[in-house]
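Have a look at the structure below before the remarks.
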Amino acid sequence: MLSEWQIRRDIVDIGKRIYDKDFVAATDGNISARLNDDRLLITARGCCLGQLKPDELILTDFNGNKLSGKGQPTGEVSMHITAYRERQDIYAAIHAHPPITTGFTVAGESLAQCIIPEVVLIFGTIPTTEYATISTDEGAEVIKKLIKNHDALILDRHGTLTVGSDLISAFYKLEKVEYCAKVTLTARQLGRVKTLSENEIEKLEDVRKKYGLKTKLSLCEQCGICKS
Ligand SMILES: [Zn+2]
């Protein structure tokens, strides 16, 4: 069990990695970690994820009320809380604006396609939520159902939400979503995107079962095989 201070330091470290990898610009994005059943650490509204300080993070309850820290919790606090309420197995959540992934959703293009084997293995599918007005409770509404079965969501014309059992796993999922967008974009630029065949997906499903992965393989738009 990590101490609260260690979790604070981990949030600072992950924030720097997110900023350095251009997964956010300026003061975009937010990070949270669940400490226990009624306490949450979350980044402040208007802060830059590249320059966080451990003692400036906001401690809130699960209604989003601030208990300590500098400034106010991010305007997306209700989205983070909803993710924890729907998923007792997760302890960290990251909202970021990775540019290629965000470009896909701005163009009205989905990444819920069975193209890259290890992406299908880890995520099943990466669905896109409905549109929500930023910094309102709409963000919580649009993720509520999807987050139950998915560790990575694309927020329509806004960015991503990734969750995990700890901060590093939520970060790796963010990295992986942007990688998926990059590879898909490159393939499209080269002129052809090969989707996985029925047989290839069935074998991946066997591996997913073996690993006990609970994320859902559904909503695939192109191969037509994984539709729920
Ligand atoms: Zn955002």
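No lab work stands behind these numbers, since they all come straight from the coordinates. What you see is a predicted model, and the numbers here were worked out from it, not measured in a lab. Note: ideal-geometry Cβ built from the backbone for every residue, glycine included; neighbour counts use all protein chains shown.
General observations
- Degrees separating the helix 4-20 axis from the principal Cα axis of the chain, which is the longest one: 50
- Separation between Cα centres of segment 53-123 and segment 168-210, rounded to whole Å: 20
- Filter on Lys16/Lys66; Lys173/Lys203; Lys66/Lys209; Lys16/Lys210 - keep pairs with C-alpha separation over 32 Å: Lys66/Lys209; Lys16/Lys210
- Relative contact order (percent, whole number), segment 83-152, Cα cutoff 8 Å, 6+ residue spacing: 34
- Hull volume in cubic angstrom per residue (convex hull over the Cα atoms of segment 4-211): 111
- Taking the C-alpha atoms only, the angle from helix 198-211 to the longest principal axis of the chain is near 40 degrees.
- Degrees between helix 77-86 axis and first principal axis of the chain (Cα, 0 to 90, nearest 10): 60
- Local electrostatic count at Leu196 - Lys and Arg +1, Asp and Glu -1, tallied over other residues with Cβ under 12 Å: -3
- Seen from Lys16, the other residues with C-beta closer than 15 Å to its C-beta sum to a net charge of -2, counting Lys and Arg as +1 and Asp and Glu as -1.
- Computed lengthening from Lys209 to Ser3, 0.36 nm per intervening residue step minus Cα-Cα distance: 70.8 nm
- Cβ-based exposure ranking for Thr27, Thr184, in which fewest neighbours within 10 Å come first: Thr27, Thr184
- Whole-number percent relative contact order across the chain, with pairs defined as alpha carbons under 8 Å at least 6 apart: 20
- Summed side-chain charge close to His158 - residues other than His158 whose Cβ falls under 13 Å, Lys, Arg +1, Asp, Glu -1: -4
- Rounded to the nearest 500, the 222 nm mean residue ellipticity of the chain from helices alone is -12000 deg cm²/dmol, with -39,500 (n - 2.57) taken per DSSP H run of at least 4 residues.
- Taking amide H as placed 1.01 Å from N in the peptide plane, the amide H of Leu155 sits under 5 Å from that of Thr129, Thr160, Leu161, each at least 5 places away or on another chain.
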